[in-house]
Amino acid sequence: MTALDRRTLAPFAALAAAAAALLLLPFPGSLSPTLYRAVASVTAGVPGVDLVSLGALGLLATGVALAVGHAWRAHRDRLPVTLAAAGGVPVAYGTSEGLKLVLTQERPCTRWPYAAHCPPPGDWSLPSNHATVAFAAVVVLVVATRAAWVAWSSVGLAAVAAAGRVMEGVHYPHDVALGAVVGVGVTALVAWAAAVVVRRHRGGTPATA
């Protein structure tokens, strides 16, 4: 897998900066509860707010299917790494679930009852699985298309999916920030490992995924 150009990587840099702000500034997370209360107190009771995240995830899933089809038809050299990245999505989800069991953070709606339907105790909050899957899908789309406009639009759509969970009142902003980091990091690692295997199989010729 050849290096992506700066325009394609730029949205990931912006995402990293936003995630760092939510996770680290100010430590240990007072910014996140403040933002949660400011947003969820207004939006959690809005009818259909739960459809924001689901709708964005649905669009991302459709985009992934189209991107894989695009790689199959027009860029067969990208297909192995694209399929590996797609396989990285459930790996990222499993990683997110494992972190939940380690971090065991309660949902914010157990403290502030904004959400119409708060998940039961033991359904941990950190990181957000929705955000993990959404941002994992972004990696698949970028690997398949290598287009800057796809990177920017898919990062924006994944951000909508993540923000929707805060709007529902079931996640802190730092939950979705960590989910984004897990989704991008794990899926990109799987794609990179696949690219190394493909390059070796082709005798050192760089894969173009």
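The number of residues in the stretch 32-60 that are in a loop (DSSP other than H, G, I, E, B) and either of a type outside the set (A, V, I, L, M, F, W, C) or touching a Phe, Trp or Tyr at 6+ places or on another chain (Cβ under 8 Å) (or both) comes to 4. Residues in the stretch 72-102 that are in contact with a helix residue (DSSP H, G or I) (Cβ under 9 Å, 6 or more places away or on another chain), more than 19 Å from A61 (Cβ to Cβ), hydrophobic (A, V, I, L, M, F, W, C) and open to solvent by 30 Å² or more (accessible area, probe 1.4 Å): L99 alone. Here L66, L60 are screened, and the one residue that is within 20 Å of the chain's Cα centre (by Cα), open to solvent by less than 40 Å² (accessible area, probe 1.4 Å), at negative phi and aliphatic (A, V, I, L, M) is L60. Residues satisfying the criterion are absent from the stretch 119-134 (criterion: touching a residue at least 40 places away in the same chain (Cβ under 8 Å), in a helix (DSSP H, G or I) and open to solvent by 60 Å² or more (accessible area, probe 1.4 Å)).
You will find that of S41, S53, the residue that is out of contact with any Cys (no Cβ under 7 Å at 6 or more places or on another chain) and surrounded by 18 or more Cβ atoms within 10 Å (Cβ to Cβ) is S53 and no other.
Here is a yes/no grid of residues against (1) in a helix (DSSP H, G or I); (2) open to solvent by 20 Å² or more (accessible area, probe 1.4 Å); (3) of a type in the set (V, I, T); (4) at negative phi:
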site: G164; (1), (2), (3), (4): yes, no, no, yes
site: H174; (1), (2), (3), (4): yes, yes, no, yes
site: A177; (1), (2), (3), (4): yes, no, no, yes
site: A180; (1), (2), (3), (4): yes, no, no, yes
site: T187; (1), (2), (3), (4): yes, no, yes, yes
site: W192; (1), (2), (3), (4): yes, yes, no, yes
site: A195; (1), (2), (3), (4): yes, no, no, yes
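The values are calculated or read from the model by the stated rules, or taken from the named source; none is laboratory data. Keep in mind it's a predicted model, so treat the numbers as computed, not measured. In this analysis, Cβ positions are derived from the backbone assuming ideal geometry, glycine residues included, and neighbour counts consider all displayed protein chains. Just the protein is used for accessible areas: all its heavy atoms, side chains included, with ligands, DNA and RNA removed. Shrake-Rupley method; radii C 1.70, N 1.55, O 1.52, S 1.80 Å.
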